[in-house]
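Engineer: For reference, the structure I am asking about is given below.
Bear in mind these aren't lab numbers, they're just calculated from the coordinates by the rules spelled out. Bear in mind that the values here come from a model prediction, so they are computed numbers and not experimental data. Counting neighbours? That spans all protein chains shown, and the Cβs are built from the backbone with ideal geometry, glycine included.
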Amino acid sequence: QVQLVESGGGLVQAGGSLRLSCRASGSIFSISLLGWYRQAPGKQRELVAEITSGGSTNYADSTKGRFTISRDNAKNTVYLQMNGLKPEDTAVYYCNVRYIIHNYWGQGTQVTVSS
């Protein structure tokens with residue numbers, strides 16, 4: 001069983017930055033695909049960014065060049081550095097850990113960007 005604890009959300013003005021962190025328990029972290037997703041009110045949950053166990057990354061078109069995902073396997077933590085935030089980035093952000101049939105979600109952290 002893996003438990004995920006997210007932190008770092010909050011209220012920021014447009015153009016500002018935030019860094020989200022997600023710390024995981026369990027032994028599969030270092031071999032898992034890690035991702036950040038978000039869900040805005042009335043919308044479906046969408047992928048923001050993901051990083052493989054080998055360090056390859058993938059970003060949604062809307063976040064390329066502004067967001068950076070990284071992982072620290074020694075700390076069982078995945079990060080999302082968000083720069084140049086826009087009001088449309090407002091959502092609940094969730095971290096995700098995936099390995100074969102195992103799929104775990106954090107509780108979510110609210111990010112609100114004011115214009």
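Engineer: Determine which residues of region 71-115 fall in the zone a paramagnetic label at N58 would reach in this model, i.e. backbone nitrogen under 15 Å from the point 7 Å along Cα→Cβ.
Structural biologist: 96-100
Engineer: Above 15 Å lies some portion of the pair distances; for region 7-101, what is it as a whole percent of all C-alpha pairs?
Structural biologist: Result for the distance tail: 58 percent.
Engineer: Full-extension gain between S25 and R98, please, as 0.36 nm times their residue separation minus the C-alpha to C-alpha distance.
Structural biologist: 25.0 nm
Engineer: Only Lys, Arg, Asp and Glu count, each charged at its Cβ (+1, +1, -1, -1), so figure out the dipole size of the chain about its Cα centre, rounded to 20 debye.
Structural biologist: Its charge dipole is roughly 80 debye.
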